[in-house]
Structures are given as structure tokens and as C-alpha cells.
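No lab work stands behind these numbers, since they all come straight from the coordinates. None of these values were measured; they are calculated from a predicted model. A quick note on method: Cβ atoms are made from the backbone with ideal geometry, for glycine too, and the neighbour counts reach across all protein chains shown.
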Amino acid sequence: MTLNNSRGLLHNPTGSLATGLLPVACGIMSAMWIRLLNVPASPSICRILMLSQLLLWGVLAGVLPSAASAERVDNWLDVVRQTPYWESQGMARNLTTIRRWVLLSEGYCSKPQRHILFDHRGQFVGFIDNADNTEATNRRLNEARERLAAEHRVADWSPGTDMSQGYPFALSCNQPYVDMNESIARMVGSEKDYRLWGTWDGLRVGSATSPVSLVTLIRLVYEHLEDQGRISFPASVMPTFMGKTIIESGGIKHALSTVSARGIMQLRPSVLDDCEIPKDFRLHRMAQVDCALRLVEQNDRNLQQPFNAVFGKLPEKKRRLLYGLLLTQAYQIGVGRMIELLQDNELGKAAQYFTAHADHLSAEDIQVGMIYHNMGRRDLGMLTLYYVTDVGIATEALCASSEMQNDAWCDRPLRE
């Protein structure tokens with residue numbers, strides 16, 4: 001069939017192909033606007049409407065995400081540095097959810113041979129099943145990261161290795177050294193082998209015929225030091241202290257970390273030296289608790305003034321809760337670094353923002369945000385980010401046990 005100016009599929013009575021198509025295009029794309037505006041469907045009106053729609057599409061193309069807008073970044077810390085402070089809102093709750101999956105083998109971690117991925121706000125974004133070896137698992141993780149970015153589940157992605165973090169962040173569900181139920185059993189002495197007795201610093205705890213639980217030991221050492229006037233922090237700190245014992249060592253006497261921290265409270269040699277614990281007694285559980293409680297006392301005295309200078313105007317409940325969280329964090333990173341996170345010109349920027357906008361953030365969000373926005377500085381990393389969250393999960397699990405449900409130390413809210 002021959003197409004020409006007088007007949008055929010592309011009939012154009014005006015002699016212009018573009019003008020001939022205009023009424024058709026106008027009828028398809030702009031009929032709604034013509035009706036709404038009550039204007040005639042003339043070629044000039046159609047041209048205006050078509051140009052307007054093309055302009056709108058151009059604007060949207062620059063605003064809406066596309067496959068090209070999902071960028072690969074070389075360093076996951078670039079994602080951290082680009083995260084606005086306000087995005088810490090709700091982060092603690094999200095982080096608690098995924099850390100509970102990991103520690104309690106729940107949710108997407110009900111199968112241990114998995115990794116879960118989460119974004120800069122602690123939100124779960126996906127998971128992978130592990131491969132047969134570490135290298136292949138890392139490839140799967142990086143493929144998942146790139147795919148999540150292409151699907152606009154995250155704005156950026158960064159490849160990780162077995163030695164460095166990537167983005168979205170990844171957590172292994174396989175935690176061979178974490179057994180929450182066994183750790184709680186050691187704490188409450190549910191089995192005979194988990195009970196103990198001994199003497200330290202003039203204090204006797206239990207006896208060979210009547211051993212006690214680790215919780216009882218901690219309580220008696222605390223009361224002993226309090227009676228001597230050697231500690232003054234409130235008993236409200238003690239539930240978290242017990243949760244800290246679970247996270248630090250699982251209550252295992254001979255626990256040893258890669259940085260030479262040892263014993264049930266994972267104390268470093270320099271701390272044990274400060275406590276004047278003889279080398280032959282450095283794994284003694286009463287000595288460990290004694291030294292750890294005195295460390296908390298020292299941290300408490302050093303942290304109060306810097307904390308109040310920044311957060312002293314918070315409502316009382318939020319202020320007390322936040323202080324307890326930062327005191328727990330100080331046990332892990334040291335009170336010196338904790339004070340830097342409050343006072344330093346660079347590290348303290350997050351704290352300054354959070355105190356000015358505290359109405360929109362929970363105490364837990366502020367604590368997590370102070371760490372998140374400083375990751376990669378002063379040796380603060382992923383373990384630091386979720387340490388306090390893990391302690392809270394362990395404390396709640398311990399206090400939910402039948403042996404501790406009605407205990408005075410557990411009879412108080414642990415979260416805001």
C-alpha cells in the first residue's frame with residue numbers, strides 16, 4: 001500500500017505529519033484538561049498542553065529516583081557522614097528489632113545461616129542465605145546491596161569484604177558464642193554447676209554446702225561496697241549491670257577477648273591494675289564484680305558534670321534514662337571517649353543537635369545517634385553502635401525469667 005497526502009494510515013490534510021498527529025495526541029493525553037478548563041481542542045491549545053506535560057515530565061525525571069540515581073560509594077562511612085541528624089528518630093527501636101532477631105534467633109534470624117541487611121536508620125531491608133564460604137557469602141551480600149539500591153530500597157550502596165563493612169549494613173545471624181538462655185541460666189544459678197561461693201575483701205558469699213547464684217553474688221558485693229561508702233550510684237543502675245554481664249561474657253569465668261579483657265566483667269589489665277587485683281585473683285568472680293562496680297562509680301562521678309552541661313535541661317525522666325544509657329556506653333568505650341562525645345567540637349556536634357531537638361527523639365534515639373554519627377572516629381564502630389541496645393535486650397530477657405520476674409532490681413521500666 002502506498003501512503004501519500006490524500007489517503008492512507010497517516011493521512012495528513014494539512015501536509016504536516018507533526019500537525020496531523022496533534023489532534024490525536026491531544027485527544028489521548030489532554031482531553032481531561034480540556035474538559036476541566038472548558039477550552040476548545042484547537043491545535044494551539046494542544047501544543048500548549050503537550051509542552052506543559054513534557055515540562056512536567058522533565059521536572060519529575062529530575063526528582064524521582066531512577067536506576068542511575070542509586071550510586072555506589074567507595075566507603076560506607078560516606079553514608080554515615082551524609083545522614084542528617086534528624087534521621088536518628090526511631091533508629092533505636094529499629095535497631096532493637098534486628099538485634100533481638102540476632103541475639104534471640106527470632107524473625108529473619110530464625111535460620112542461623114543468614115545475613116540480614118539494614119539501612120542508616122536501622123530499618124531491615126533484606127536478607128541473604130549464606131553461601132558455602134565467606135568469599136561467596138560476601139559476593140552475595142554485595143549483589144544484594146546493589147540490587148537493593150537499584151530497587152530504591154536504599155539511596156546508595158557500598159561493597160563490603162570480610163575485613164570491612166559495606167552498605168546497607170549487614171549482620172550475621174550465626175552467633176556461635178551467644179546463647180541467651182544458657183547465659184541467663186548461669187546468672188540465676190538454675191543448675192547446681194552454675195552456683196558458687198567464696199570470699200573477697202572481708203565478704204563471704206554462700207558456702208560449699210549452700211552455693212548461690214551469680215545474681216546473688218552481684219547483689220551482695222554491691223550492698224557491701226555501698227555499706228562501706230565506696231559506691232554511691234543508685235540501685236537503678238544494677239539491672240543494666242546484670243545485662244552487661246551477660247553481653248560481656250555470658251557469665252563465663254574464663255572469658256577472654258581479643259583485646260585481653262578477661263573474666264565475667266571483661267576487664268582489661270590496666271583496669272585490674274587500678275583496682276589492685278592480684279594477678280592470681282583476676283578471674284575471681286567476686287573480685288571482678290567488685291572492680292567493675294568501682295569502675296562504674298568512677299565513670300558516674302566523671303560523667304555527671306559533662307552530661308548535665310549538655311542535657312541538664314531535659315525532662316527528668318528522659319534525662320535520667322539517657323544518663324543511664326550513656327553510663328552503660330562508658331563502660332564499653334571508656335568515660336574519656338564518652339565525655340568527648342559530649343564536649344568535643346567535632347564529636348559533640350550530634351549531642352548538641354539532639355539536646356536542641358530532644359522533644360522529637362527518645363532517650364534511646366539520642367544515645368544511638370551519638371554513636372552512629374561518630375562511627376569511624378576514635379575507634380567507634382558497629383560493635384559500639386549496638387552495645388547498649390544489646391545490654392537492654394539481655395536485661396529484659398533476664399528480668400523476664402521466672403527467677404527474676406519479681407526481683408526488686410527488675411521492678412522498673414528499662415525503656416522510655
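Using a/c under 1.5 as the rounded threshold, could you call the range 298-345 rounded, prolate or oblate? The axes a ≥ b ≥ c are square roots of the C-alpha gyration tensor eigenvalues, and prolate needs a/b larger than b/c, oblate otherwise.
Numbers: a/c = 1.93, a/b = 1.34, b/c = 1.44.
Here the range 298-345 falls in the oblate category.
Starting with the fewest neighbours, write out Trp76, Trp86, Trp197 ranked by other beta-carbon atoms found within 10 Å of each beta-carbon. Please list the in-between numbers first.
Working: Trp76 23, Trp86 12, Trp197 15.
Ordered by Cβ neighbours within 10 Å, fewest first: Trp86, Trp197, Trp76.
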Exercise for review: Step through the table entries Lys317/Lys349; Lys111/Lys349; Lys192/Lys244; Lys313/Lys349; Lys253/Lys317, compare each Cα-Cα distance with 28 Å, and write down the pairs that go over it.
Suggested key: Lys111/Lys349; Lys253/Lys317
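Which order do Arg268, Arg195 fall in if you start with the one that has the fewest other Cβ atoms within 10 Å?
Values: Arg268 14, Arg195 18.
If I rank by nearby Cβ atoms, fewest first, I get Arg268, Arg195.
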Review point. Which Cα, out of Leu104, Asn130, Gln82, lies furthest along the positive dipole direction of the range 70-172 (beta carbon charges, K/R +1, D/E -1)?
Key: Leu104
Check your understanding: Taking the alpha-carbon centroid of each part, what is the distance from the range 292-319 to the range 131-209 in angstrom?
Key -> 29
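According to the square roots a ≥ b ≥ c of the eigenvalues of the Cα gyration tensor, what is the shape class of the range 180-410, taking rounded for a/c under 1.5, prolate for a/b larger than b/c otherwise, and oblate for the remainder? Write out the running numbers ahead of the final one.
Numbers: a/c = 1.87, a/b = 1.67, b/c = 1.12.
Judged from the Cα gyration tensor, the range 180-410 comes out prolate (a/c at least 1.5, a/b above b/c).
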Study note, to complete from the structure: With the 8 Å Cα cutoff and a minimum separation of six or more residues, the range 180-410 has a relative contact order in percent of 19
Review point. Where the convex hull is taken over the Cα atoms of the range 98-216, what is its projected area averaged over directions, in nm²?
Key: 10.5
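Given the Cα-Cα distance of Asp379 and Thr134 and 0.36 nm per residue of separation, how much length would full extension add, in nm?
Details: separation 245, 0.36 × 245 = 88.20 nm, distance 2.48 nm.
Fully extending the segment from Asp379 to Thr134 adds 85.7 nm.
In the range 324-394, which GluC sites (Glu not before Pro) are in a loop and have at most 14 other Cβ atoms within 10 Å, using DSSP for the loop call?
Details: sites: Glu340, Glu346, Glu364; in loops: Glu346.
Answer by residue number: Glu346.
Translational D (Stokes-Einstein, µm²/s) of the range 238-282 at 37 °C and 0.692 mPa s when Rh comes from the Kirkwood sum over C-alpha pairs?
Values: Rh = 10.8 Å.
Stokes-Einstein gives a translational diffusion coefficient of 304 µm²/s.
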Exercise for review: Go through 199-205, 249-255, 212-218 and give me the packing order, highest mean Cβ count within 10 Å leading.
Suggested key: 212-218, 249-255, 199-205
Revision key, fill the gap. Sorting Val388, Trp409, Gly369 by the position of each Cα along the dipole of the range 355-416 (Lys, Arg +1; Asp, Glu -1; all at Cβ), the one nearest the positive end of that ordering is Gly369
Check your understanding: Is the shape of the range 201-248 best called rounded, prolate or oblate, per the rule: a/c under 1.5 gives rounded, else a/b larger than b/c gives prolate, else oblate, with a ≥ b ≥ c the square roots of the Cα gyration tensor eigenvalues?
Key -> oblate
